[in-house]
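A short worksheet on the structure shown next.
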Amino acid sequence: MLELTRETTRIYALNEKGKLVAEITFPMTAPGIYTIDHTFVDPSLRGQGAAGQLIQAALEQINANGGQVEATCSYAVSWLEKHPQA
């Protein structure tokens, strides 16, 4: 599990040296609509579920704000298609 830092439209994780190792951004693109437009996971974390953890955290934050989710990031689009209940 990543230790995530949450901002209004960005969630990220730093490693012990302060290097960005994971990030997801989801700006509000219309009233109440948040668009996941960027997901990044450092190669050192790939295959460990980090990207899915980022998306789930973003969805929780968007839902807590009463927003709706859209996605332009190819990973997020694919993840949302595979997890329609999310």
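What follows draws every value from the coordinates through simple rules; no lab data is involved. As the structure is a computational prediction, the values presented were derived from the model and not from experiment. Glycine gets a Cβ as well: all are built from the backbone with ideal geometry, and neighbour counts include every protein chain shown.
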If we scan region 36-44, do we find a residue that is free of Cβ contacts under 8 Å to residues at least 40 places away in the same chain and assigned to a loop (DSSP other than H, G, I, E, B)?
yes
Answer yes if at least one residue in region 41-54 is in contact with a helix residue (DSSP H, G or I) (Cβ under 8 Å, 6 or more places away or on another chain) and within 18 Å of Pro84 (Cα to Cα), and no otherwise.
yes
